[in-house]
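The values are calculated or read from the model by the stated rules, or taken from the named source; none is laboratory data. This structure is a prediction, so every number in the text was calculated from the model and none was measured. The protein model used for the area step is the full one, side chains on, heavy atoms only, and it has no ligands, DNA or RNA in it. Shrake-Rupley method; radii C 1.70, N 1.55, O 1.52, S 1.80 Å.
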Amino acid sequence: QVQLVESGGGLVQPGGSLRLSCAASTNIFRNYVMNWYRQISGKQREVVATISSSGRTNYGDFVKGRFTISKDNAKNTVYLQMNSLKPEDTAVYYCNAWLGFTSYWGQGTQVTVSS
């Protein structure tokens, strides 16, 4: 069983930055695709960013160059650097590890963008 623990959420003003971290209990990055999802209140969960085992990245259309996903294999940690945050980025952000029929989720971390 893999455990994922997110951290780094909080309250930030519009235009500000946050870096989310997701620590995995075991070294899964060599095989698993790591994803950041978010769920805005009242809406379905959506993919924010993805990084493959080889390091290839993809982003949701709404990111538009503002966010960067990265990982540190030695620390079993994946990051989401979020810049130029907007109020509409307010959501619970979840870390996910996916490999075929296996998927693990973190507990989520709240990000609130407000003045």
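Write down the radius of gyration of the chain and its Dmax, each obtained from C-alpha positions, in Å.
My reading of the Cα-based Rg and Dmax gives 13.3, 41 Å.
Given a 1.4 Å probe, how much area per residue of region 1-99 is accessible, in Å²?
Ligands and nucleic acids excluded, the result is 53 Å² per residue.
Tell me, what % of the accessible area of the chain is carbon and sulfur with a 1.4 angstrom probe?
46 percent
Is the shape of region 29-69 rounded, prolate or oblate, going by the alpha carbon gyration tensor and its root eigenvalues a ≥ b ≥ c, with a/c under 1.5 for rounded and a/b larger than b/c for prolate?
oblate
Computed over the Cα atoms of region 74-115, what is the convex hull's projected area averaged over all directions, in nm²?
4.3 nm²
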